[in-house]
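Trainee: Let me give you the structure first, and then I'll get to my questions.
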Amino acid sequence: AYLTMALGAGSVTPMQMVSAYSVFANGGYRINPWLITKVTEQRGNKVLVETQTPVLDESARAIAPRNAFIMESLLQEVNRSGTAASAQRELKRPDLYGKTGTTNDAMDAGFAGFQPTLAAVTWIGYDTPRKLGDRETGGGLSLPVWIRFMEQALKNVPVTEPSAPEGVINSGGEWFYNEYVKGAG
């Protein structure tokens, strides 16, 4: 009913956005995001509460694995040579994926991204909407915050790049669904 939704005309919260991006990070599974992974007593010796990673089964599948993989490939390119290239350059990791975003009139600036083990969204704006400034963008405001967060969060996390699932093939450096390779699409 609203064709402009495909261009980002809708309104979402950062939590809704991270929930959506985590589907790509999880190979097509949807899980509810959590903010706190562990609470310890003040010295850190005793764990009081710890969030368990959910078991992924087909009941949690939101999209096909090949759709998630192709989307990952597109979002990885944004971090390789697009508006978020500073993420890979500064963090020196190829396993980063994401997308910058700036609303009309620079009222909001965001970055939604992930590494296969962690999805995070940064958003900058005012509670009562007003312009951030004529030259402000998601890549200039929100991406640096995301990079600083991921710098700490991924400190001891090994680089992980997913392998292509069944039904996807690389031809000439481009990923295709098997049925659309060599001009068949």
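Trainee: Only helical DSSP H runs with n ≥ 4 go in: add -39500 (n - 2.57) per run for the chain, normalise by residue count and round the 222 nm mean residue ellipticity to 500 deg cm²/dmol.
Mentor: About -8000 deg cm²/dmol.
Trainee: Here's something else I'd like to know. Can you work out ³J(HN,Hα) from phi for every residue in region 114-120, in order, using Karplus 6.51 cos²θ - 1.76 cosθ + 1.60 and θ = phi - 60°, giving whole Hz and x for Gly and Pro?
Mentor: Ordered by residue, 3J(HN,Hα) equals 7, 10, x, 9, 7, 10, 8 Hz.
Trainee: If you count only protein heavy atoms with a 1.4 Å probe, what accessible area per residue comes out for the chain, rounded to a whole Å²?
Mentor: Accessible area per residue, the chain: 65 Å².
Trainee: Whole-Hz Karplus ³J(HN,Hα) for region 172-177, in order, using 6.51 cos²θ - 1.76 cosθ + 1.60 and θ = phi - 60°, x for Gly and Pro?
Mentor: x, x, 10, 8, 9, 5
Trainee: In terms of the Cα gyration tensor, with a ≥ b ≥ c the square roots of its eigenvalues, is region 8-87 rounded because a/c is under 1.5, prolate because a/b exceeds b/c, or oblate?
Mentor: Here region 8-87 falls in the prolate category.
Trainee: Over all alpha-carbon pairs of region 49-143, lay out the pair-distance distribution in 5 Å bins, whole %, shortest bin first.
Mentor: 3, 13, 18, 19, 15, 14, 12, 5, 1, 0
Trainee: For the chain, list the DSSP H helices whose alpha carbon atoms reach 20 Å or more along the long axis and whose average Kyte-Doolittle value is -1.0 or above?
Mentor: The qualifying helices are 65-81.
Trainee: How long is the gain from TYR126 to LYS38 if the chain were fully straight, where each residue apart is worth 0.36 nm and the alpha carbon distance is subtracted? Numbers along the way, then the final one.
Mentor: Values: separation 88, 0.36 × 88 = 31.68 nm, distance 3.01 nm.
Length difference between fully extended and current span is 28.7 nm.
Trainee: Between region 1-44 and region 78-129, what is the separation of their alpha carbon centroids in Å?
Mentor: If we compute the Cα centre of each part, the gap is 13 Å.
Trainee: Given Cβ point charges of +1 (Lys, Arg) and -1 (Asp, Glu) and nothing else, what value in debye, to the nearest 20, does the dipole of the chain about its Cα centre take?
Mentor: 380
Trainee: Along region 82-94, what does the Karplus equation 6.51 cos²θ - 1.76 cosθ + 1.60 (θ = phi - 60°) give for ³J(HN,Hα), rounded to whole Hz, x for Gly and Pro?
Mentor: x, 5, 10, 4, 5, 5, 5, 5, 6, 8, 6, 9, x
Trainee: With the cut-off at 1.5 for a/c, could you classify region 98-179 from its C-alpha gyration tensor as rounded, prolate or oblate? Write down the numbers at each step before the final one.
Mentor: Numbers: a/c = 3.36, a/b = 1.71, b/c = 1.97.
It comes out oblate by the Cα gyration axes.
Trainee: Just PRO94, PRO54, PRO33 to compare: in a GNM of the chain, with alpha carbon springs under 10 Å, which one fluctuates most?
Mentor: Maximum among the listed residues: PRO54.
Trainee: Cross-link partners among lysines for LYS46, C-alpha distance below 24 Å, same-chain residues fewer than 8 apart left out?
Mentor: Within reach: LYS38, LYS155.
Trainee: Ok, one more. Distances longer than 27 Å among the Cα atoms of the chain: what percent of all pairs is that?
Mentor: 36
Trainee: Here's something else I'd like to know. Measuring from centroid to centroid over Cα atoms, what is the spacing of region 45-65 and region 149-184 in Å?
Mentor: Taking the Cα centre of each part, region 45-65 and region 149-184 sit 22 Å apart.
The values are calculated or read from the model by the stated rules, or taken from the named source; none is laboratory data. Just so it is clear, the model here is predicted, and its values are computed rather than measured. Glycine gets a Cβ as well: all are built from the backbone with ideal geometry, and neighbour counts include every protein chain shown. Surface areas here come from the heavy atoms of the whole protein model, side chains and all, with no ligands, DNA or RNA. Shrake-Rupley method; radii C 1.70, N 1.55, O 1.52, S 1.80 Å.
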